[in-house]
Amino acid sequence: MRLRWDILKHYTLEFVSLLFILLFVYAAVSKLLDLGIFQSQIAQSAMLAPYAKALAWLVPIIELLLAVLLFISYTRVWGLLGSAVLMFGFTIYVYLIWSYSPSLPCSCGGLLEAMDWETHLYFNLGFTLLATWAWYLKSGNKRNDTLLLIGDFGMLALVLTLFFTQPQSQILQDESFTRTYQKGVLEEIASQKLAFNSYYLAGVNDSLVYLGNSTGFTHGLVWNYKTGDTTHISVQLPDAPGSFVSSPKWQVYGDYFFIGEGVGPSLYRGKTSDWIAQKFMPAVPYYSDIVAIDTTEFIIRARQASTQKNVLATYVNREPYVQIQDVLDQDSGNLLQADGTLVWDVAQEQITYLYFYKNLINHWNRDFSNPQTTTLLYNLTINIRTRQGRDGTYLRETTYSPFHIKLRIWNNKYYVLSDVMGANESLDVFTKNSTIDIYDNNYLESIRIPNKNKERISDFYITDEHIIVHYVTQVVVYGH
């Protein structure tokens, strides 16, 4: 009986060691083959950005070192101990990122990047427990639990120190303009707490606020801010594949909703009366942004392979399905120069594009004729440099914050959520509020919207009477 257990333990440890060797070698080689993109990915995380250059080398070297320790029989116990501590550190890091910064890119390398943050958390936790258990078996009577506790405690202290001492985003300031703020305080009409920080605004119809969920894409929430009623909905996709390449997002357009993702790519349509969505468009193109302008007509942003530029295009249900328009202001191969957000202006039937790193908004008619430009307040210029990996992914090398992040249009006015501080503005007041600048053809005025629980606005909608504001953990309706 004892011999059988020894044989089982031997092969179990061989299997676990081989599994970790494959994991670490695969992850390390993926990182080293694309070291620049890995460094850029690390730099997107505020807690790791100051150490991105060192970590880009250190992490894969540690992974390869652990693989060597695991390969050699008499050092395997140290390899398993190191694996348990390293995976514990990865688990804590992923938990913090998933809880507080879910939009950051994964910097794990290779196929592991396809996991969403929740899946990655459970993956890391599982491998942490597996390595700990294997170390326990390998150590036997010579086990020193203190070593594991010291290693885990040290790793926890390191990750938490990096997290709580991470540099805060620098507020951009331009002394060349002065804002005019609306007087008075916004009146809070209604509010709704959100159970998860992964909700996003998917649309507003009258008093109904639709919220999608980035981690559980089939789940959503409908809140009636006049009655206070909330309804949890489940999107059904009867003809969808078992899994998607990236997490689908949905948006509401009138009585319809559209759900899809641009990496696969896929696109489905349904009605908000039953929340059942099905395929309805032929030849779905790749896209990085999409807005509906009719039930069978869309504007998309995509990367044109021949020029390595971001382009806009119409996508319809008749041939030619896609018509490309090279209308965005950018250098070839520098996609993030044209990073921004698409908005369909229903009232004026115009395509509108807000650049994140430029002081302007572009407008076109439905067929991209009659191009127009609205110049924004700022007089800022920054050089956005990008790096492309083997998988075609582009990440910025520079860490500048966007000038502005959201645009909404109402009654022929443009509402821009700005992150640039003007002349004579208090840093304390600016950081405790979010600022929305209002334009027609020129600047009109600005609105201050207070932070909630230290959370700034992530999105908003405008109606005749209300501003519907989405914070990370709640939605608030203000009168205006």
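Tabulated values for the structure
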{"item": "Options S139, S191, S247: the member that is of a type in the set (G, A, S) and closer than 29 Å to Y357 by Cβ", "result": "S247"}
{"item": "Set Q372, Q308, Q323: member being polar (S, T, N, Q), surrounded by fewer than 18 Cβ atoms within 10 Å (Cβ to Cβ) and in contact with a helix residue (DSSP H, G or I) (Cβ under 9 Å, 6 or more places away or on another chain)", "result": "Q308"}
{"item": "Subset of the stretch 40-58 [more than 17 Å from F90 (Cβ to Cβ), in a helix (DSSP H, G or I) and at pLDDT below 75]", "result": "S40, A43, A49"}
{"item": "The stretch 45-100 - residue that is of a type in the set (F, W, Y) and under 23 Å from the mean Cα position of the chain (by Cα) and, of those, farthest from W135 (Cα to Cα)", "result": "Y100"}
{"item": "The stretch 238-256, subset charged (D, E, K, R) and part of a loop (DSSP other than H, G, I, E, B), residue surrounded by the most Cβ atoms within 10 Å (Cβ to Cβ)", "result": "D255"}
{"item": "Selection count, the stretch 247-257, where residues are within 18 Å of D345 (Cα to Cα) and in contact (Cβ under 8 Å) with a residue 40 or more places away in the chain", "result": "5"}
{"item": "V159 of a type in the set (V, I, T), outside any helix (DSSP H, G or I) and surrounded by 17 or more Cβ atoms within 10 Å (Cβ to Cβ)", "result": "no"}
{"item": "The listed residue being aromatic (F, W, Y) and at pLDDT 95 or above, out of Y461, Y400, Y471, Y394", "result": "Y461"}
{"item": "From the options V77, V25, V68, residue that is aliphatic (A, V, I, L, M), assigned by TED's automatic domain parsing to the domain that holds G126 and crowded, with 20+ Cβ neighbours inside 10 Å", "result": "V77"}
{"item": "Criterion: of a type in the set (A, V, I, L, M, F, W, C), surrounded by fewer than 16 Cβ atoms within 10 Å (Cβ to Cβ) and modelled with pLDDT of 95 or more - qualifying residue of I276, I259", "result": "I276"}
{"item": "Given (1) without any contact (Cβ under 8 Å) to a residue 40 or more places away in the chain; (2) more than 20 Å from S176 (Cα to Cα); (3) touching a strand residue (DSSP E or B) at 6+ places or on another chain (Cβ under 8 Å), number of the condition V475 does not satisfy", "result": "(1)"}
{"item": "Residue in the stretch 330-351 that is closer than 30 Å to L33 by Cα, at pLDDT 75 or above and of a type in the set (A, V, I, L, M) present", "result": "yes"}
{"item": "Residue list for the stretch 275-310, filter: assigned to a loop (DSSP other than H, G, I, E, B), small (G, A, S) and in contact with a Phe, Trp or Tyr (Cβ under 9 Å, 6 or more places away or on another chain)", "result": "A283"}
{"item": "Considering residues of the stretch 313-345 that are touching a residue at least 60 places away in the same chain (Cβ under 8 Å) and among the β-branched types (V, I, T) only, the residue farthest from R366 (Cα to Cα)", "result": "T341"}
{"item": "Criterion: modelled with pLDDT under 85 and over 22 Å from L376 (Cα atoms) - qualifying residue of F163, F153", "result": "F163"}
{"item": "Listing of strands (runs of 3 or more DSSP E) fully contained in the stretch 172-237 that carry 1 or more residues being of a type outside the set (D, E, K, R) and under 30 Å from L444 (Cα atoms)", "result": "187-193, 199-205, 208-213"}
{"item": "Boolean, T128 is without any contact (Cβ under 8 Å) to a residue 60 or more places away in the chain, over 27 Å from the mean Cα position of the chain (by Cα) and either closer than 30 Å to R76 by Cβ or assigned to a strand (DSSP E or B) (or both)", "result": "no"}
{"item": "Checking I72 against (1) within 24 Å of L147 (Cα to Cα); (2) touching a residue at least 60 places away in the same chain (Cβ under 8 Å), the condition it does not meet", "result": "(2)"}
{"item": "Selected residue (only one of T435, T463 is under 24 Å from the mean Cα position of the chain (by Cα) and of a type in the set (S, T, Y))", "result": "T435"}
{"item": "Criterion violated by L328 - all others in (1) aliphatic (A, V, I, L, M); (2) assigned to a strand (DSSP E or B); (3) within 22 Å of D339 (Cα to Cα) satisfied", "result": "(2)"}
{"item": "Filter result for V209 (surrounded by fewer than 17 Cβ atoms within 10 Å (Cβ to Cβ), hydrophobic (A, V, I, L, M, F, W, C) and either at pLDDT 90 or above or under 23 Å from the mean Cα position of the chain (by Cα) (or both))", "result": "no"}
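The values are calculated or read from the model by the stated rules, or taken from the named source; none is laboratory data. Everything numeric in this text was worked out from a predicted model, so none of it was measured. Here Cβ is always computed from backbone atoms with ideal geometry, including for glycine, and neighbour counts include all displayed protein chains.
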